[in-house]
Amino acid sequence: MPGKSTITVHADRGVHPSRAVAPPIFQTAAFAAEDGEAFARAAVAPRGKDFYTRYGNPNHAQVAAVVAELENTEAAMVTASGMAALTTAVLALVSAGDHVIGQRSTYGGTASVLLNLLPRLGVTTTVVDQTDTDAFAAALTPRTRLVLVESPSNPLLQITDVRAVAGLARAHDVPTMADNTFATPLNQRPADLGVDLVWHSATKYLNGHSDVSAGVLAGPADLLDRVWDVGLLTGATLGPVDAWLLLRGLRTLPLRVERHNANGLALARALSEHPAVARVHYPGLATHPQHKLAAEQMSGFGGVLGIEFGGGFEVADAFLGRLRYARRSASLGGVESLAVHPASMWRGMLSEEQIAASVPLGLVRLAAGTEDPADLVADVLAAADASL
Ligand code: PLP
């Protein structure tokens with residue numbers, strides 16, 4: 001198998017061959033068929049690329065080819081956002097009367113799907129402490145049809161024993177879906193650990209430039225075909241230009257992730273020794289309670305860290321306001337550092353009680369960009385000094 005940087009530059013070459021070195025943008029809503037038979041065939045081809053753009057487009061297929069090879073899965077597909085990837089897959093895999101298991105520490109949108117959307121549709125859910133594999137086992141019922149994991153989790157950077165949980169679910173014929181947004185396939189490959197479907201907010205590291213909203217799913221072709229069938233109905237189609245931009249971002253993913261990993265570790269180390277900081281959540285720190293497990297299933301620890309201030313919201317907010325490089329923003333995974341107060345950001349999706357149960361009020365999520373490490377470290381230390 002070629003190396004990661006070779007994959008991101010070349011894996012899409014055979015998908016829609018052209019003499020153009022940079023792939024063309026197929027800015028079209030539909031494709032013409034040669035005859036009735038070809039039209040009928042294309043209309044039912046799962047994850048096709050030249051029938052109707054809501055069904056698939058060459059720009060989607062090129063991204064999918066790269067992601068599938070990076071994640072070491074048979075196939076992949078793209079959606080209009082990470083949330084579209086999650087909800088389309090969940091709608092494909094569960095029905096009223098079923099049961100879904102998720103994590104207590106998870107991205108706010110995923111939490112809202114578990115706590116609000118699915119129960120409204122007649123699907124029962126249980127959220128568990130992801131650091132306790134037995135809690136997943138205890139939550140399994142004969143009606144369980146899906147297990148959702150996210151490791152490291154947003155924003156507490158808690159680790160799930162992905163291999164153990166996926167194995168447990170598989171023993172009960174229950175598929176597992178893993179949100180691999182924080183780790184990226186460069187640092188962790190959930191399919192190699194037994195996960196059935198891997199998904200990403202491609203808005204983050206995969207695209208990497210904060211200029212596209214997109215999602216991807218990777219897994220076995222037959223499972224993705226079921227998701228694609230529902231995707232035709234939900235219509236969460238990624239525009240061809242955005243798919244093209246995503247492919248362009250993917251080209252440099254391995255280079256960027258290397259720097260994100262280095263910056264994340266440098267910031268976590270510097271802040272963990274600062275007296276203004278109560279706790280740094282970063283799986284690459286030897287002091288992280290699950291560092292050993294993280295090191296077993298990850299080859300790098302990413303660019304996101306959680307910085308907990310004892311003083312609650314006011315201290316966290318003042319720290320955010322003092323940062324020179326990391327701008328206050330809801331996203332992460334781009335070349336520019338971004339920071340946010342998760343308890344404020346998730347008010348649109350979760351109730352105050354749901355937020356209080358999932359995230360400390362004094363937590364800042366800092367996503368290191370690809371700037372020079374010395375500049376980022378000096379900046380956060382100056383902001384932390386002023387918090388004393
Ligand atoms: N998963 C994680 C870990 C996220 O951080 C986000 C967004 O912040 C999502 C999923 C949702 O992705 P999107 O915003 O692309 O819909």
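The values are calculated or read from the model by the stated rules, or taken from the named source; none is laboratory data. Keep in mind the model is a prediction, meaning the values are calculated, not measured. Methodologically, a virtual Cβ is constructed for each residue, glycine included, from the backbone with ideal geometry; neighbour enumeration extends over all protein chains shown.
Only one entry in 68, 32, 61, 84 is in contact with a strand residue (DSSP E or B) (Cβ under 7 Å, 6 or more places away or on another chain) and more than 16 Å from the ligand (Cβ to nearest atom), namely 68. Inspection of segment 254-261 identifies no residue that is at pLDDT 95 or above, assigned to a helix (DSSP H, G or I), among the acidic types (Asp, Glu) and touching a Ser or Thr at 6+ places or on another chain (Cβ under 8 Å).
Looking at 259, 189 in this structure, which one is outside the structural domain of residue 53 (by TED's automatic domain parsing) and in contact with a helix residue (DSSP H, G or I) (Cβ under 9 Å, 6 or more places away or on another chain)?
259
Give the number of residues within segment 11-28 that are modelled with pLDDT of 95 or more and either in contact with a helix residue (DSSP H, G or I) (Cβ under 9 Å, 6 or more places away or on another chain) or buried (at least 17 other Cβ atoms within 10 Å of the Cβ) (or both).
The total comes to 12.
Got a number for residues in segment 159-176 being buried (at least 24 other Cβ atoms within 10 Å of the Cβ) and away from the ligand (no atom under 16 Å from the Cβ)? Summing the residues that are buried (at least 24 other Cβ atoms within 10 Å of the Cβ) and away from the ligand (no atom under 16 Å from the Cβ) in segment 159-176 gives 3.
Residue-level analysis places residue 35 outside the set of residues that are within 26 Å of residue 189 (Cα to Cα) and among the charged types (D, E, K, R).
Determine which member of the set 65, 43, 33 is among the aliphatic types (A, V, I, L, M), under 24 Å from the mean Cα position of the chain (by Cα) and surrounded by 12 or more Cβ atoms within 10 Å (Cβ to Cβ).
Only one candidate passes the filter, namely 65.
Residue check: residue 119 meets all listed conditions (1) buried (at least 24 other Cβ atoms within 10 Å of the Cβ); (2) part of a helix (DSSP H, G or I) but one, namely (1).
Considering only residues that are surrounded by 22 or more Cβ atoms within 10 Å (Cβ to Cβ), among the small types (Gly, Ala, Ser) and more than 13 Å from the ligand (Cβ to nearest atom), look in segment 209-233 and name the one that is farthest from residue 154 (Cα to Cα). The residue in question is 231. Among the residues making up segment 144-158, a single one is under 20 Å from residue 284 (Cβ atoms) and surrounded by fewer than 24 Cβ atoms within 10 Å (Cβ to Cβ): 156. Of everything in segment 177-207 that is more than 13 Å from the ligand (Cβ to nearest atom) and of a type in the set (Gly, Ala, Ser), the residue that is surrounded by the fewest Cβ atoms within 10 Å (Cβ to Cβ) is 194.
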